[in-house]
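Q: I have a structure here, written as C-alpha cells, and I will follow up with some questions on it.
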Amino acid sequence: MKSPSIRSTGDLARHLGLSRWTVSRALNGHGDIAPETAERVRAEAGRLGFAPSLIGRTLRSGTTDWIGVTIPDPEDYFLTAKVKRLKDLLAETGWQVLIQVTEDAAAEQRALARFAAMRCGGVISVASQAGAETFAGLRQRGMAAVAVDPLVPTGVDEVCTDRAGGMRALVVHLNDRGVRCLLCAEIPASRQGYAGQRVVGLRAGARRAGWTSEAIRHWTSDGLSEMRAGAALARAGKIWRDVDAIVALNDRVAFGFLQCLPKGVRVPDDIAVVGYDNSEIATLSRPGLTSIDPRADELMARTADVLLSAIARGRRSKPGGRTVVRPLLVFREST
C-alpha cells in the first residue's frame, strides 16, 4: 500500500485518527501524553519521514522550542557534565538545547543575537562576559534569560555558586582542627574570577577566626598541568613546611600533592590537604581527600527552574533576581 502524503501535523493526526493537539504534544516530547500513544506517533512519523515545520511553529507561537545556551571552553571550565545535566532537565519539559561555545564577550554577544533572531524560547549564559546592555536588548525583545555564575553584572536572573561562603566554612573547619596558616596551591592572590571569589572567602574567614595577616599564602606553578603542579609542590618542601594546610585549586592538584609527598610526612597530622569539586578522584585518593562540592547538579536544576519560571511569566517577569547555591564541605581523612 502506498504511504500517505504527510505534509503537516494535521495530516499525520488524520492518518493516525488522533487529535492534532495530541500529535503535536507527542512530537514535541511533552510528558502529558500516554507513553504508548507518544511512541506510536513518533514511530509512524519516523516511518513516513515526517518532522513538524519549525518555521510554521515559530509563526504560530512567536518562538521555537529551543533554548540557546552559551558556554566558555567546556574543558577549561569543566562544563561537560553540567551542560548534559541542563540539557536533560530541559528535555524533560519538552525543550531542546542549542549550545554555542564562545571564547570571549564579543562571541557571546553574537551568539545571543543569533538566538534572538532564531526566536529561541529563552537563553542561558554560563560564565557570562557579555554585560547588562546585551541582556537588556534581549529583554526588550521579550526573551527570558538566565546567567549562570556570570563574570560581570548582567541585570537578568542569575544562578550563582557561593564560592566565598564555601571558603569561609572551610576556614571554620580547619581552625577547629588547629590550622592557623594555609597555602593556596595554584590559586593566585588576585581577587578576579572564580578563584578570586574563593580568595575573598578565605581571607574573610581568616579575619573572623583571628588569624594573622600572613596566614594565607599563595603558590602557582609555571604552567604545569594540574597533577604535575601538585606533584611539584610536594617535592618543594621548603615552600610548605611551615604551613598547616594546603588548599588546592581542585582535586587534581591536591591528588598530585598527596601522591608525591616525601616519606614520613603524615596527613593530616603534619599537613592537612583540601581539594575542590568533590570529584571521583577525591574518593579514590589515599588518604581520602576532603573536598568542597560546588553541587553542580543543584546549580543546573535551579537554572532550569528559574528559566522555565521566567518563560511562563513572559513579559511580566521582573529580572535581576539572584539564586545562590551553597557548596558542601565533604570531610575525609586528609583533614
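The values are calculated or read from the model by the stated rules, or taken from the named source; none is laboratory data. Predicted, not measured: the structure shown is a model, and the values here were computed from it. Cβ atoms come from the backbone with ideal geometry, glycine included; neighbour counts cover every protein chain shown. Note: accessible area is taken over every heavy atom of the protein model, side chains too, but ligands, DNA and RNA are not part of it. Shrake-Rupley method; radii C 1.70, N 1.55, O 1.52, S 1.80 Å.
Q: So for region 180-191 (the condition being over 26 Å from R266 (Cβ atoms), touching a residue at least 24 places away in the same chain (Cβ under 8 Å) and of a type outside the set (S, T, N, Q)), does at least one residue qualify?
A: yes
Q: Condition first: part of a strand (DSSP E or B) and open to solvent by less than 30 Å² (accessible area, probe 1.4 Å). Now tell me which residues in region 207-230 satisfy that.
A: The answer is I216, and nothing else.
Q: Something else: So for region 291-299 (the condition being of a type in the set (D, E), assigned to a strand (DSSP E or B) and out of contact with any helix residue (DSSP H, G or I) (no Cβ under 6 Å at 6 or more places or on another chain)), does at least one residue qualify?
A: Looking for residues that are of a type in the set (D, E), assigned to a strand (DSSP E or B) and out of contact with any helix residue (DSSP H, G or I) (no Cβ under 6 Å at 6 or more places or on another chain), one finds at least one in region 291-299, hence yes.
Q: Okay, moving on. Being under 17 Å from P188 (Cβ atoms) and open to solvent by 50 Å² or more (accessible area, probe 1.4 Å) is the filter here; which residues of region 231-248 pass it?
A: Within region 231-248, just I239 meets the criteria.
Q: Still on this structure, please answer the following. Among the numbered criteria (1) within 21 Å of A127 (Cβ to Cβ); (2) of a type in the set (S, T, N, Q); (3) more than 24 Å from the chain's Cα centre (by Cα), which one does T303 miss?
A: Checking T303 against (1) within 21 Å of A127 (Cβ to Cβ); (2) of a type in the set (S, T, N, Q); (3) more than 24 Å from the chain's Cα centre (by Cα), the one that fails is (3).
Q: Do you know which residues across region 278-290 are part of a helix (DSSP H, G or I) and not small (G, A, S)?
A: E280, I281, T283, L284
Q: Restricted to region 31-50, and to residues that are at pLDDT below 85 and not in a helix (DSSP H, G or I), which residue is nearest to I6 (Cα to Cα)?
A: Across region 31-50, the extreme among qualifying residues is F50.
Q: With (1) modelled with pLDDT under 95; (2) open to solvent by less than 50 Å² (accessible area, probe 1.4 Å); (3) part of a helix (DSSP H, G or I) as the list, and R139 as the residue in question, which single condition is left unmet?
A: It is condition (2) that R139 fails.
Q: Shifting gears a bit: Can you tell me which residue is modelled with the highest pLDDT among those in region 10-30 that are part of a helix (DSSP H, G or I) and aliphatic (A, V, I, L, M)?
A: Among those that are part of a helix (DSSP H, G or I) and aliphatic (A, V, I, L, M), it is L16.
Q: Under the condition of being of a type in the set (D, E, K, R) and in a loop (DSSP other than H, G, I, E, B), which residue from region 178-206 is farthest from S291 (Cα to Cα)?
A: Of everything passing the filter in region 178-206, R191 is farthest from S291 (Cα to Cα).
Q: Which condition breaks for E108 when tested against (1) loosely packed, with under 13 Cβ neighbours inside 10 Å; (2) within 24 Å of A310 (Cα to Cα); (3) of a type in the set (D, E); (4) modelled with pLDDT of 85 or more?
A: The single condition E108 does not satisfy is (1).
Q: Is it the case that some residue within region 285-295 is under 30 Å from D65 (Cβ atoms) and of a type in the set (D, E, K, R)?
A: Yes, region 285-295 contains a residue that is under 30 Å from D65 (Cβ atoms) and of a type in the set (D, E, K, R).
Q: Filter region 260-277 for residues that are in a loop (DSSP other than H, G, I, E, B) and either open to solvent by less than 10 Å² (accessible area, probe 1.4 Å) or within 16 Å of L79 (Cβ to Cβ) (or both) and give the result.
A: I271, D277
Q: Shifting gears a bit: Checking V324 against (1) outside any loop (DSSP other than H, G, I, E, B); (2) open to solvent by less than 30 Å² (accessible area, probe 1.4 Å); (3) among the hydrophobic types (A, V, I, L, M, F, W, C): exactly one of these is not met. Which one?
A: (2)
Q: Identify all residues within region 231-259 that are outside any loop (DSSP other than H, G, I, E, B) and β-branched (V, I, T); write none if there are none.
A: Within region 231-259, I239, I246, V247, V253 meet the criteria.
Q: Next up: Could you check region 61-85 and list, in sequence order, the residues that are at pLDDT 90 or above and within 16 Å of A144 (Cα to Cα)?
A: Selection gives W66, I67, G68, V69, T70.
Q: Give me the residue from region 147-205 that is open to solvent by 20 Å² or more (accessible area, probe 1.4 Å), within 25 Å of R228 (Cβ to Cβ) and small (G, A, S) and, out of that set, modelled with the lowest pLDDT.
A: Going through the qualifying residues, I end up with S190.
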